[in-house]
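The structure under discussion appears below in the form of structure tokens.
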Amino acid sequence: MKYRKGIVCNLIKGNNDALGEVNMERLKRCPFCGYEKPGLMMCKGRKFVNGLDQPIEQHKWYVQCPKCKARGSVSSGKVNLWSDLNKDLPIPGWQTTDDQIKSIAVKLWNYRID
Ligand SMILES: [Zn+2]
């Protein structure tokens, strides 16, 4: 799915069973059509290098219902593709990880008055 010019979005995970991470909040059902298995979408944007020549990429995550196409708010940030391979290193404040962006996208989707 094309998000905007130059930005490509892909369905990453289809349901809660595939969320994986222990501390990840579970996705609630779609508030519009009631579908039980909303999907997580990930979009890759601009790519550049930082002062240490490490590859940095803008990532956006959001939750979307595959049935009625309702979409949650977008969460985005800059991910260091190099330090992703070296998780022991501290990350600077302007940088984030896919897990952090993803968990915010899940919170934004789940935020509602029941
Ligand atoms: Zn729906």
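To keep it simple, each residue is scored yes or no on (1) surrounded by fewer than 15 Cβ atoms within 10 Å (Cβ to Cβ); (2) part of a strand (DSSP E or B).
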position	(1), (2)
MET42	no, yes
LYS47	yes, yes
LYS69	yes, no
SER73	yes, no
TRP109	no, no
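If you go through the range 42-74 one residue at a time, how many are within 16 Å of the ligand (Cβ to nearest atom) and of a type outside the set (Phe, Trp, Tyr)?
Looking only at that region, the number is 11.
All of the numbers you see were taken from the coordinates with simple rules; none came from a lab. The model shown is predicted, which means the values in this text are computed figures rather than measured ones. With ideal geometry, Cβ positions are generated from the backbone for all residues, glycine too; neighbour counts draw on all protein chains shown.
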